[in-house]
Amino acid sequence: MRITVLGTGYLGATHAAAMAEMGFEVLGVDVDERKLEALAAGELPFHEPGLGGLLKKHVNSGRLRFTSDYAEAGAFGDVHFISVGTPQRPGSYAADMTYVESAVTSISRHLTHDAVLVGKSTVPVGSARGLRALARAAAPEGVDVDLVWNPEFLREGHGVQDTLRPDRMVLGLPGPADRVRQGEDADQESAARLEATMREIYAQQLDAGTPLVVTDYETAELVKVAANSFLATKISFINSLSEMTEAVGGDIRTLADAIGMDERIGRKFLDAGVGFGGGCLPKDLRALRARASELGLDQSVRFLVEIDDVNVRRRDHTVGVVTEMLGGSVMGRQVAVLGAAFKPESDDVRDSPALDIAARLHSIGADVHVYDPQANANAARRYPRVDYVDSLPQAIARAEVVVLLTEWEEFRTMTPQQLAPLVKHKQILDGRNVLDPAEWERAGWAYRALGRKGST
Ligand code: NAD
C-alpha cells in the first residue's frame, strides 16, 4: 500500500515521517514550495523533538519523498491522508474549509486507480459526508474513491511518539445515516472495506494495544473538537479559580494539586497561568461554537463562550500585573519576556499567549526584549516590532521586570542567583507557576505569580 500525505505542516510532516518509519512508501504533498524544498533536503522547517532524525533517515532511504504535483500523488498513492490546515476564517469563528476542499478535489481529480482518502484535519461536524460526495464527483469515471475520518490527537512537542504510539485511534465510517438517506446498502460493505484498510495501515499500533474506536463520521469529527474543548475547559476552570485565589491570598497550585488527587478529576491540564493558545485549542473551540450556532444549538455550547473569555482575560490580567509591578506604567520600562512559543518544545507561535502579551506590553510603551529557545524567528515574522535576543542573559540585561511566559526547561531551572547580577530590579512574574516562590523571595526578589501569593 502506498501512502500520500496532503499538507506537510506540523501534523502532515510528522505523519509522513512516522508512516515511512512504519515501513510504507510515502509521498508528502504541499502547495508551499519552500517547505517542500526543505523537507526534501531532510531539513525540518519547524521544531519538533525527534522528528528531524526520522525525516533525514527516510529521505535518505528513499522511502519518503515530497512533491507539489497532485498528478504524481494521484498516480502514486492508494491511501491519501488529508492533513491540510483548517484555520479560523478571517472575520468569523468558523473553520476555513477551503484548504481541505481544495486538497480533496485536487487529489480525487488526479486519481488513476481506486483509492481511499483519510481525513485527519480537524473539521466541523458534518464535513466528512460532504467531502465524500465532493471526492466522488471529482474522481474520473470508473475510479472508486471512498473516505474515512481519522481525527488526529498528536500534541506538538510529542508528535512522533503520539503518532507511533497513540493513546487511542478513532475511525469514522460512512454509517447508517448515509444508507437510509441515499438507499445505498453498498455503504455497509464499503465501511467494512475501509475499516480493514485502516486496520492494515495501523497494524503496528493495534498490535501494541492501542484502543480503536470505530464509529460514524459525525461522532469521529466531534470526538476531536470535544477533546480539545474539554482540555480548554479544564484550563479555564483553574484559571477562573486563580482569579479568586489571587484576590483572597490563596495558592492555586496547592488547590490544583489537592483537587487533582481525586482520580475523577486528575491533575493534568490544571496548571493556572497565562492560558492556552496554539494552532488548535482556541480555533477548535470557536469552530465548535460556530458550528453549533449553524445548527441552532447555541445554548448547548454556551459555556464555551465563557471558556474563551476567561482565557483572553488572562492576557489582559498579565499585562495589568506587569504594569502594577512597574508602579503603574510600563512606558519606556525595560521588560524581559521569557518565551514566545505557545508551549515549550515547540516553535509554534499561532495564537500564543506569550507573544500576545509581549506585543500588548510593547503596544503600551514598554521596551520589550523577548527570548525563546526555538520560536524567535516565527515570532519575529508575526510581530516584528519587539526586540528578539538570542539568550537568556541578553533578554534580562538591565530588566526592570522579568516575565516568564513559556515554561521551557531553561526557564524552569534558572536560579535567582544566576539572574540577579544582570537585571536592574529583582522583580519576576512567573506566568506559568513553575518557579519556587520561597527560593526567589529568599534571594531578595519580588516574586509574583498568577493565582498565588507573592511578595509584591
Ligand atoms: P499547518 O499550517 O502547520 O500545515 C498545513 C499545511 O497544509 C501547510 O504546509 C500548507 O501549505 C498545506 N496546504 C494548504 N493547502 C494545501 C493543499 N491544497 N494541498 C496540499 N497542502 C496544502 O497546520 P497543522 O498544525 O499541521 O494542522 C493541520 C490540521 O491538523 C488542522 O486541521 C489542525 O487543526 C489539525 N491538527 C493539528 C495538530 C497539531 O498539533 N498541529 C494536532 C491535531 C490536529
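The values are calculated or read from the model by the stated rules, or taken from the named source; none is laboratory data. Keep in mind that this is a model prediction, so the values were computed, not measured. Please note: Cβ atoms are built from the backbone with ideal geometry, for glycine as well, and neighbour counts cover all protein chains shown.
Things worth noting here:
- Subset of the range 420-441 [of a type in the set (Asp, Glu) and part of a loop (DSSP other than H, G, I, E, B)]: Asp436
- On inspection, Arg199 fails the criterion of being within 15 Å of the ligand (Cβ to nearest atom), at pLDDT 95 or above and either farther than 30 Å from Gly52 by Cβ or under 27 Å from the mean Cα position of the chain (by Cα) (or both).
- Residue within the range 253-274 that is under 25 Å from Gly9 (Cβ atoms), in contact with a helix residue (DSSP H, G or I) (Cβ under 7 Å, 6 or more places away or on another chain) and surrounded by 21 or more Cβ atoms within 10 Å (Cβ to Cβ) present: yes
- Candidate set: the range 124-155, residues that are out of contact with any His (no Cβ under 9 Å at 6 or more places or on another chain) and either farther than 24 Å from His110 by Cβ or modelled with pLDDT under 95 (or both); chosen: the one farthest from the ligand (Cβ to nearest atom): Gly126
- Any chance Ala379 is surrounded by 22 or more Cβ atoms within 10 Å (Cβ to Cβ), over 26 Å from Glu246 (Cα atoms) and out of contact with any helix residue (DSSP H, G or I) (no Cβ under 6 Å at 6 or more places or on another chain): no
- Enumerated strands (runs of 3 or more DSSP E) restricted to the range 1-83, each holding at least 3 residues that are within 11 Å of the ligand (Cβ to nearest atom) and under 24 Å from the mean Cα position of the chain (by Cα): 2-6, 79-82
- Where a residue in the range 101-112 is in the same structural domain as Asp144 (by TED's automatic domain parsing) and in contact (Cβ under 8 Å) with a residue 60 or more places away in the chain and its partner, wherever it lies, is more than 12 Å from the ligand (Cβ to nearest atom) and acidic (Asp, Glu), with Cβ under 7 Å and at least six apart: none
- Those residues of the range 266-292 which are over 15 Å from Phe303 (Cα atoms), away from the ligand (no atom under 14 Å from the Cβ) and touching a residue at least 60 places away in the same chain (Cβ under 8 Å), in sequence order: Asp271, Ala272, Gly273, Val274, Gly275
- Of all residue pairs spaced 6 or more apart or on separate chains, those with beta-carbon atoms under 8 Å, a first member in the range 197-224 that is touching a residue at least 40 places away in the same chain (Cβ under 8 Å) and of a type in the set (Gly, Ala, Ser) and a second member that is outside any strand (DSSP E or B) and within 16 Å of the ligand (Cβ to nearest atom) are Ala208/Arg165; Ala220/Ala128; Ala220/Asn150; Ala220/Pro151.
- Residues that are within 12 Å of the ligand (Cβ to nearest atom) and free of Cβ contacts under 8 Å to residues at least 60 places away in the same chain within the range 84-99 comprise Asp96, Met97, Thr98, listed in sequence order.
- Scanning the range 352-376 for residues that are closer than 22 Å to Leu44 by Cβ and surrounded by fewer than 24 Cβ atoms within 10 Å (Cβ to Cβ) yields Pro373, Gln374, Asn376.
- Cβ-Cβ under 8 Å pairs, at least 6 apart or on other chains, the range 396-415 side touching a residue at least 60 places away in the same chain (Cβ under 8 Å) and closer than 11 Å to Pro344 by Cα, far side β-branched (Val, Ile, Thr) and surrounded by 15 or more Cβ atoms within 10 Å (Cβ to Cβ): Leu405/Val274; Leu405/Thr318; Leu405/Val337; Leu405/Ile357; Glu407/Val434; Phe411/Val434
- The conditions of being away from the ligand (no atom under 12 Å from the Cβ), surrounded by fewer than 16 Cβ atoms within 10 Å (Cβ to Cβ) and of a type in the set (S, T, N, Q) are not met by Ser102.
- There is at least one residue in the range 270-288 that is basic (Lys, Arg) and within 29 Å of Gly157 (Cα to Cα).
- Within the range 332-390, being polar (S, T, N, Q) and on the phi > 0 side of the Ramachandran plot holds for no residue.
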